[in-house]
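The values are calculated or read from the model by the stated rules, or taken from the named source; none is laboratory data. Because the structure is a prediction, the values reported are computed rather than measured. All Cβ positions, even for glycine, are placed from backbone atoms using ideal geometry, and neighbour counts span all protein chains on display. For accessibility, only protein heavy atoms count, side chains too; no ligands or nucleic acids. Shrake-Rupley method; radii C 1.70, N 1.55, O 1.52, S 1.80 Å.
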Amino acid sequence: MFLREATSRHLVEVLDLHELMDPHCPELRGRYHWGEDLPEPETFSKSSLLFPSGELLPRCWCDPHYRDHELRR
């Protein structure tokens, strides 16, 4: 899966989808997608990544407490 880095607008290949969807992981491993040679994997903060369309990542992938308000009823 590819995401876009918000500041540089470069595509980032996500190497582990579990890290992407786990709200307890604030970072994920990926690598920039450019050129013919694969660059070394790097760590990216989820807060700096967007979908290629420009949409933000779902809150349930980034915030482990996104449903806490439902527990306080």
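Okay, here's what the table says:
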quantity: Residue pairs meeting the criteria (Cβ under 6 Å; at least 6 apart or on separate chains; first without any contact (Cβ under 8 Å) to a residue 12 or more places away in the chain, in region 9-28; second open to solvent by less than 50 Å² (accessible area, probe 1.4 Å)); calculated: E19/C25; E19/L28
quantity: Residue list for region 25-63, restricted to those being part of a loop (DSSP other than H, G, I, E, B) and open to solvent by 50 Å² or more (accessible area, probe 1.4 Å); calculated: P26, H33, W34, G35, E36, D37, L38, E40, P41, P52, S53, E55
quantity: Residue that is modelled with the lowest pLDDT, among those in region 64-73 that are assigned to a loop (DSSP other than H, G, I, E, B) and open to solvent by 90 Å² or more (accessible area, probe 1.4 Å); calculated: R73
